[in-house]
1. Set the Förster radius R0 to 41 Å, insert the Cβ-Cβ distance between GLU107 and ALA65 as r into 1/(1 + (r/R0)^6), and round the FRET efficiency to 0.05.
2. So how much slack lies between VAL24 and SER72, counting 0.36 nm per residue of separation and subtracting their Cα-Cα distance, in nm?
3. Mind scanning LYS10/LYS68; LYS10/LYS35; LYS35/LYS92; LYS98/LYS129 and naming the pairs with a C-alpha gap bigger than 23 Å?
4. Among [x] 25; [y] 43; [z] 36, find the value of percent of Cα pairs over 29 Å apart that was calculated from the structure presented, and write down its label.
5. For helix 60-71, what angle does its Cα long axis make with the longest principal axis of the chain, in degrees from 0 to 90 and rounded to 10?
6. Need the list of lysines near LYS123 for cross-linking: C-alpha distance under 17 angstrom, and skip anything on the same chain fewer than eight residues off.
7. Counting only C-alpha contacts under 8 Å and six or more residues apart, can you give the relative contact order of the chain as a whole percent?
8. State, to one decimal in nm, how far the label point of LYS10 lies from the label point of LEU37, with both points 7 Å from Cα in the Cβ direction.
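No value in this document is a laboratory result; all are computed from the given coordinates. Since this is a predicted model, take the numbers as computed values, not measurements. So basically every Cβ, Gly included, is an ideal-geometry build from the backbone, and we count neighbours across all protein chains shown.
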Amino acid sequence: MSEVFYEYEKNLVSFCGQYCRECVYCKNIFGMRAKDLLTDVEKSQWIKMVWESLNAPFDIDNFIAGLKWLASSPGCPGCLAGAGWSECPIRKCARAQKVRGCFKCSEHPCETVSGEEAQYQRKLIEQIKDRGLEDYIKFRRGEIEESQTS
C-alpha cells in the first residue's frame, strides 16, 4: 500500500475501528437508492392516484421531498472528518483522551465500550491492536487473509 494511499485510508477508520468503506452511509447506498426511486416516482403518471388509494400515513409530496433530500446526500466522509453521529460516546471519549481511537488508548477496554451494544466495536478495536492499523486496513480491504500480517 503506498504511503499516500495509506494516509488517506487510515482516515477512513473511525474512533471505534469501523472501516468507513464498509459503511452504507459512507458508500452513500441510501442516497443512490433514493435517486433511483425518485427517478421511477417522477416518471410515473399514476403515482399520485395510487398513493392516495394506499392510505399512506403521509402525502406523496412529502415522500418526494424526503427522497430528494436523501438523494442529494453526498454520503458520510467519516467521523474523523467531523461527520457521523455527533453524540457518539466513543468519539467523545477518544477526543477527551486525545487519542486517535480506542485502539490507541491506554485505558482500553473501558466503560465506554464495555456494554453489550459495543461488542462489535470491541472486536474491531482488538483486530487493530493485534494487526496494527495498516494491516487492519489491508485485511478489511481483502488484501490479506485472516491469518496474515506483514
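1. So, using R0 = 41 Å, E works out to roughly 0.35.
2. Using 0.36 nm per residue and subtracting the Cα-Cα distance, I get 15.7 nm.
3. LYS10/LYS68; LYS10/LYS35; LYS35/LYS92
4. Label [z] holds the value from this structure.
5. 30
6. The reachable lysines, counting only those whose Cα sits under 17 Å from LYS123, are LYS104, LYS138.
7. This gives 30 percent for the chain.
8. Distance between the two pseudo-spin positions: 3.9 nm.
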